[in-house]
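Before any comments, here is the structure.
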Amino acid sequence: MTGPARGRAARRGRRTSRFGAAHLAGWLFADLMLVLFLVAMAVQPRAELTTGLPEQKKPRPSGPRVLGQDFCDFLIPVQAEGLLSGSGGARADLLKKVDEALRGEHPSWLYGDEMRREGARRACLRQLEQKLQVGFFLAYGARNDTGSGVALGKNAAKAVKSGNPRFREAIYRAAWTGGEGDGSVQLVVFFYQN
């Protein structure tokens, strides 16, 4: 190496070593701050989460929700023309009747072959007594024509989901059920078991 090349190499070496020391000092500072943060977190008192609910009403541990295999099937008479046109009165009437059905006040509204079987009917009534949250429901519009039947099912499902707190977390499907019970809504309701 010649004289000028040797001088440049020496300057580069000094710059690298100064940069290296500053660089290491920065990492040492960051490591020290991390250790101090962890020590500070370790000596903090444990936070107590309160929900404002009595001990027996505290929420259960979170995890996947479990949908029961038992269900309730209702055929509820509604103001079909009002629901199809978006009437607030028809919507309020539907919500009132759904509340009554969920309280078990109208056993005659239990509908379908399953609800005629004693075991299935008893399972439905047991779930109604427990006031379980609805996880999934089907809303079928009972009309003579398919188009208005599907529209009735959809309008009823939207009203029930937004208007009844037990249905707020539920997933739903709406369809047509044919002309039997014309002007009614068939609700098939599955409940969360946890």
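The values are calculated or read from the model by the stated rules, or taken from the named source; none is laboratory data. Keep in mind that what you see is a predicted model, and the values were worked out from it rather than measured. Because the Cβ atoms are built from the backbone with ideal geometry, glycine has one as well, and the counts that use them run over all protein chains shown. Surface accessibility is based on the protein's heavy atoms, side chains included, excluding ligands, DNA and RNA. Shrake-Rupley method; radii C 1.70, N 1.55, O 1.52, S 1.80 Å.
Only one of the numbered conditions (1) within 20 Å of Asp93 (Cβ to Cβ); (2) touching a residue at least 24 places away in the same chain (Cβ under 8 Å); (3) not β-branched (Val, Ile, Thr) is not met by Lys158, and that is (2). Just wondering, is there one or more residues in region 161-171 that are loosely packed, with under 14 Cβ neighbours inside 10 Å and either acidic (Asp, Glu) or over 21 Å from Asp93 (Cα atoms) (or both)? Yes, there is a match, as at least one residue in region 161-171 is loosely packed, with under 14 Cβ neighbours inside 10 Å and either acidic (Asp, Glu) or over 21 Å from Asp93 (Cα atoms) (or both). Counting only helices (runs of 4 or more DSSP H) that sit completely within region 87-174, those holding 3 or more residues that are within 23 Å of the chain's Cα centre (by Cα) correspond to 88-102, 118-129, 146-163.
Go through region 83-95 and report how many residues are surrounded by 11 or more Cβ atoms within 10 Å (Cβ to Cβ) and without any contact (Cβ under 8 Å) to a residue 12 or more places away in the chain. Residues flagged as surrounded by 11 or more Cβ atoms within 10 Å (Cβ to Cβ) and without any contact (Cβ under 8 Å) to a residue 12 or more places away in the chain within region 83-95 amount to 2. Taking the conditions (1) open to solvent by less than 50 Å² (accessible area, probe 1.4 Å); (2) at pLDDT below 85; (3) closer than 30 Å to Gly153 by Cα in turn, Gly7 satisfies each one other than (3). Only one of the numbered conditions (1) modelled with pLDDT under 90; (2) surrounded by 20 or more Cβ atoms within 10 Å (Cβ to Cβ) is violated by Tyr140, and that is (1).
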